[in-house]
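Quick note: the coordinates plus some simple rules give every number you see, no bench work behind them. What you see is a predicted model, and the numbers here were worked out from it, not measured in a lab. Because the Cβ atoms are built from the backbone with ideal geometry, glycine has one as well, and the counts that use them run over all protein chains shown.
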Amino acid sequence: MAKVVILGAGVSGHTAALVAKRKLGKQHEVVVISPNSNYQWVPSNIWVGVGLMKTDQVKFKLAPVYKKQGIIYKQALALSIHPEGNKDNEKGFVSIKYVAGEKEGKEETVDYDFLINATGPKLNFAATEGLGPDKYTNSVCTYDHAAHAWENLQKSLEKMEKGEKQTFLIGTGHPLATCQGAAFEYALNISFEVNKRKLNKLADIWWISNEYELGDFGMGGAYIKRNGYITPTKIFTESILKEYGIRWIKRAGVKKVDAKKVYYETLDGNEHEKEFDFAMLIPGFAGVGMKAFDENDEDITDKVFAANGMMKVDAEYTPKPYEEWKASDWPKIYQSPVYDNMYASGIAFAPPHTMSKPMQSPNGTKIFPTPPRTGMPSGVIGRIVAANVAHRIKTGKKDHPHEASMAKMGAACIVSAGYGLIKGQAAVMTVNPIVQDWEKYPKWGRNIKDTVGVVGSAGHWMKLFMHYMFMYKAKAKAFWWVIPE
Amino acid sequence: MIQNFKINIDNNQKNIRLMAKSKEKTIPYSNYSYATEPTKFVRFLRVCFSKQLFHFFHLNLKIMKIVVRGHS
C-alpha cells in the first residue's frame, strides 16, 4: 500500500486529492493536510466583497467530503519536510501541527511515499507597511477578507447616501504583486454597485497597478481578435475602465499605506501619494515558509525551495535576460529535481521567471507583476500531478504520461462586471498558451485563433454557471470527474 | 529609456490631476481621453439575448477545447 500526502486543500490540492483517490482506490492511502477547515471557490469572493453572495455560498466543510471519499484529513499546518527521513523514520515525512479539534497544538510526523506540495501562497501583507485587513486596506483573497471588505464598503456607500464624496482605490498593494484580474474585477463590481445606487457623482474610483501597461495581468499582456482587429489587451482594459468611470495609475509600486493615503513609487523613480476612503489592494505572494531537512536534520531549504519560498520543480531556473526566455523554461510535470517522489502543484511551484518583462526604477525598486498561477492552471496542474503519481504507484514505473506546461495550456479569465441575469455582464478573455511562446508564435506570442476578448451578459452567465459547476465538482458529487478544470 | 518613462509618467500624473476634476468632460491629452468607448449599438449587443446565448455556448465550447488540449 502506498501513501500519498497532499499539503493544502485549495483549488490545486483539493483537485489532486480527489483525482488521486479516485485513481488509486481503497488499496492506497491519500492524506490531506490543511490548516483550513473549509474549501473556498476563490473567484466568487469578489461577489462576497460587494455583498452579492454570502460566505456560505462560496465555501463548504472539507471533512465530510473527504470522509465520503475515503481521504484522511488532518486539519494541521505543515511545518517542515524531511524527504530523506531521519534516524527515527526510514521514509520521508512531514512534521505537522494541529490547529483545531482535540489535538490542537500537538505536533506529529506523517510519513509518505509521495508528497504533493499544494500549499498555495502566503498572503504577504507584511511586505507593505500598513497593508491588509488588520490595518488600513481591504482584501478579497479569502472569503473572510471579502466579507470584511463588504462591511467596510457598506460604510462608504452609507456615507455617499448622506452626500459625502468617497475615493475608492483598487489594485496591487506591492510592487511585485500579481492577481491583477481579481482586483480589476472588484473595481468593476464596485463601480457597478455605485451606479446601481445612482451614487456615481459622489464616487471617485481609481485603479492602481504595477503593470507597465494596463492589460498586462502578469502574463506580459496579450493580443485579442476583436471587431476585425488584432488588439492589445491594453486597449481592451482601458476601454472597460473608461466605460465604468474608473481612472488609473499604472507603473506604480505601492510601498506604504496609512489610514488615509497610499504611498507609491512609479517606474521613473518619483514618489507619489494618493488619498483614499476605501482601498482594496492585493498583497504580494510568497511561499508559506516551510523548511526542509535531510536525514541528519541539516537544513536543506535552499536546495528544495527557491528564494521566494516556492518549491523548485522541473523548470529551467538559470537566470537569463528577458530576450532569452523560452517557453521550454516552464515545468511540465512539477517534480522536484532533488527528490523524485516530491511534486509541487498550483501556486506552490517556483516559476522559472516572470511572464511580464522585469522593470526597475532608477532607485532600484522592481515594479512589475509576478506570474499568476491561480484558478484554471492550478486545477489542471493538480490533476496531472495526481494522475502521474497514481500511474507511478500502479505501474511501478518512473515515467510521467501526463504533462501540463503553462507554455502549452490555455486559460480563460472571466472578469465579472456587475451581477444579475439581465444586467450582469462580464469580460471574457482567453489566451493559449498562458506563457507566450515567441518561437512557435513569432507574430503574437500566442495562438491568435484561440484568443478571445468579449464583454456581455454571456460572460456573466458563464461566471455564474462556473460557480455552481465548480462547487458541485469540489463537493465530489455524482460524476464530478466529468467536469474539466 | 528611463527618460521616456519619466516623461510618460509626468504626463500621466498631470493628466490624473486633470481627470480628477471631471468624469463627464473629456480632458484632451489625458490617458483617459485616449481610451476607446463602446457605442450604443455595441452596448445593445452586449445584452442582446440571442447574441449572448450564442456567445454563451460558443465561448464555453472554446474554453473547453483550450483546456482539454492544454494537457495530456
In whole angstrom, the spacing between the Cα centers of the stretch A:1-42 and the stretch A:428-460 equals 32 Å
Average partner chain C-beta neighbours within 10 Å, per residue of A:211-219?
-> 0
For chain A, the dipole about the Cα centre with charges only on Cβ (Lys and Arg +1, Asp and Glu -1), to the nearest 20 debye, works out at 1840 debye
Ranked by how many other beta carbons lie within 10 Å on average, peptides A:62-69, A:180-187, A:248-255, A:444-451 from highest = A:180-187, A:248-255, A:444-451, A:62-69
For the stretch A:130-144, in residue order, the Karplus 3J(HN,Hα) values (coefficients 6.51, -1.76, 1.60; θ = phi - 60°; whole Hz; Gly and Pro = x) are x, 8, x, x, 7, 10, 10, 10, 9, 8, 10, 6, 10, 5, 6
If you line up the Cα atoms of the protein assembly as shown on their principal axes, what length do they span on each, largest first, in Å?
-> 72, 54, 52
Could you pull out every one of the lysines with an alpha carbon less than 22 Å from that of A:Lys250, ignoring same-chain neighbours closer than 8 positions?
-> A:Lys234, A:Lys242, A:Lys260, A:Lys261, A:Lys274, A:Lys357, A:Lys366, B:Lys6, B:Lys14, B:Lys21, B:Lys23, B:Lys25
Farthest toward the dipole's positive end in the protein assembly as shown, which of A:Asn117, A:Gln154, A:Ile384, given Cβ charges of +1 (Lys, Arg) and -1 (Asp, Glu) about the Cα centre?
-> A:Gln154
If every Lys and Arg gets +1 and every Asp and Glu gets -1 at its Cβ, then about the Cα centre the stretch A:236-319 yields a dipole, in debye to the nearest 20, of 660 debye
Would you mind pulling out the separation of the Cα centroids of the stretch A:271-316 and the stretch A:85-102, in Å?
-> 22 Å
Going by a ≥ b ≥ c, the root eigenvalues of the Cα gyration tensor, does the stretch A:106-199 fall in the rounded group (a/c under 1.5), the prolate group (a/b larger than b/c) or the oblate group?
-> prolate
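What's the local net charge at A:Ile300, with K and R +1, D and E -1, over the other residues with C-beta under 15 Å away?
Computed value for this residue: -4.
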